[in-house]
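Report on the following structure.
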Amino acid sequence: MLISVQPHLRYGGAERQTVLLSNIVARRRGRAAVVLHERVGGLLDALDPAVRVDSLGLDDHLRTPVVARRLRRVLDEQYRSGEKSLVGLHLWSSILAGALADRPDDDGFTFVYYEDLDPAEHARFIRLGKVKQRLVRQVFRRRDVVVANTERVADAMVAAYGLQTRPRVISPAVDLASLRAAAVQPRAVAQRSRPLSVATVGSLVPLKGLDVVYQGLVESGLECEWHVIGEGPLRGWLDGLPADGRVVVRTYGGHPRPYDVVRDVDLLVHGAHSEALGLVLLEAMGVGVPVVSSAASGPSEMVRLMGDRPDFLSLYPTGDPASLARLLRDRVATLESRPDLDDMQGYIRRYSIETTADAWAELGSDHGCTF
């Protein structure tokens, strides 16, 4: 069995990846489960009914030892069987709890410590980030099964955590078939207030560079609608932006399938200061929408691995609204010749969920786990 452990299933990239991976395991008639610190989040309903969900009933960074004891109890009482299971620990809270729950020479479970954040950057953007990272560093240095979500994250883990062995890389991915189905649906008929329509998807937090995106849109001089999809503390700031300027802001809250909104815009614009990968970029291209993104670690790796196709994915220096503005003005001139959907899906095919599920299955097989 594949057991994914993380704090919750609120809208977010790591959470949506857990849903996609668990669902494809279930579709393949495998066994998948999700153990949450707290059973909350709008993505719960997106899980396949065959995926089991358990809750520890406690999501509290300051009570990690209690979370760890509950995790150990749930694993032993609910998931111990005659076959070994792979336990994937996602996000720092679960990694810390998992390290306390992990037992040497346990013949029932193999714990996998999965890093999907950029350790070179992420700590400075979260509460108590440096303290948490020092604790996480010790976990990664002392555990045998460590996985990174990108090549650059793997390299950053070696440098930031002092690892002796470079982690295995298993990339997050997207469901190309679902994206294609969304792309070919009739587009919503809506009266635009501006000639250009752009979208941004992600948590509404400073890490995501929403202020850079807004400033870049304003400095571009373009008349546009800015569709912002996500939840977080910056919602009030977005709602308070001028309603009568060149840039009109439309907010949507969290969405289990943000690409259903993105497919109707001209561009996805991404401004994150730190981004280990960026599933929303892949999803936008998967529904045929070009992307303009900050040159954070993940988007830069995409270009390196998939090839330089600025008609699909254009990068600007992270945190630089003036460069974003110039790039937007250049991109607008090419929007009438929208790229072919087949070409875009071919460009991102290496990030298909089928490939990622195969990689997890291979990892499980290496450690005597089947699912």
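The values are calculated or read from the model by the stated rules, or taken from the named source; none is laboratory data. The structure displayed is predicted, hence computed values, not measured ones. So basically every Cβ, Gly included, is an ideal-geometry build from the backbone, and we count neighbours across all protein chains shown.
Here are the numbers for this structure:
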| quantity | calculated |
| --- | --- |
| Criterion: closer than 30 Å to residue 214 by Cβ and at pLDDT 95 or above - qualifying residue of 197, 193 | 197 |
| Some residue of segment 196-208 being over 20 Å from the mean Cα position of the chain (by Cα), crowded, with 18+ Cβ neighbours inside 10 Å and among the small types (Gly, Ala, Ser) | yes |
| Segments classed as helices (runs of 4 or more DSSP H), wholly inside segment 259-311, with at least 3 members that are surrounded by fewer than 24 Cβ atoms within 10 Å (Cβ to Cβ) and touching a residue at least 40 places away in the same chain (Cβ under 8 Å) | 297-306 |
| Residue within segment 224-235 that is part of a helix (DSSP H, G or I) and modelled with pLDDT of 95 or more present | yes |
| Residues located in segment 1-50, provided they are in a helix (DSSP H, G or I) and among the basic types (Lys, Arg) | 16, 27 |
| Qualifying residue in segment 178-189 (condition: modelled with pLDDT under 95, in a loop (DSSP other than H, G, I, E, B), over 17 Å from the mean Cα position of the chain (by Cα) and not assigned by TED's automatic domain parsing to the domain that holds residue 207) | no |
| Contacts under 7 angstrom Cβ, first residue in segment 312-328 being more than 15 Å from residue 198 (Cβ to Cβ) and in the same structural domain as residue 280 (by TED's automatic domain parsing), partner among the β-branched types (Val, Ile, Thr) and in a helix (DSSP H, G or I), 6 or more apart | 315/303; 319/212 |
| In segment 321-371, the residues that are among the charged types (D, E, K, R) and part of a helix (DSSP H, G or I) | 326, 329, 330, 331, 342, 343, 349, 350, 354, 358, 362, 366 |
| Identity of the residue in segment 1-22, of a type in the set (S, T, N, Q) and in contact (Cβ under 8 Å) with a residue 40 or more places away in the chain, that ends up farthest from residue 229 (Cα to Cα) | 4 |
| Residue list for segment 352-371, restricted to those being surrounded by 16 or more Cβ atoms within 10 Å (Cβ to Cβ) and among the β-branched types (Val, Ile, Thr) | 353, 356 |
| Residue ID - modelled with the highest pLDDT, chosen from residues in segment 57-81 that are assigned to a loop (DSSP other than H, G, I, E, B) and closer than 13 Å to residue 33 by Cβ | 80 |
| Check on residue 88, at pLDDT 95 or above, surrounded by 15 or more Cβ atoms within 10 Å (Cβ to Cβ), over 30 Å from residue 253 (Cα atoms) and of a type in the set (Gly, Ala, Ser) | no |
| Answer residue from segment 16-25, given it is closer than 20 Å to residue 118 by Cα and crowded, with 24+ Cβ neighbours inside 10 Å and is nearest to the chain's Cα centre (by Cα) among those | 17 |
| Conditions (1) in contact with a Leu (Cβ under 6 Å, 6 or more places away or on another chain); (2) over 24 Å from residue 10 (Cβ atoms); (3) crowded, with 21+ Cβ neighbours inside 10 Å: number failed by residue 167 | (1) |
| Scan of segment 157-189 for residues that are charged (D, E, K, R) and free of Cβ contacts under 8 Å to residues at least 60 places away in the same chain, ordered by number | 166 |
| Candidates 16, 29, 52, 10 - the one that is in contact with a strand residue (DSSP E or B) (Cβ under 6 Å, 6 or more places away or on another chain), of a type in the set (Lys, Arg) and more than 19 Å from residue 102 (Cβ to Cβ) | 52 |
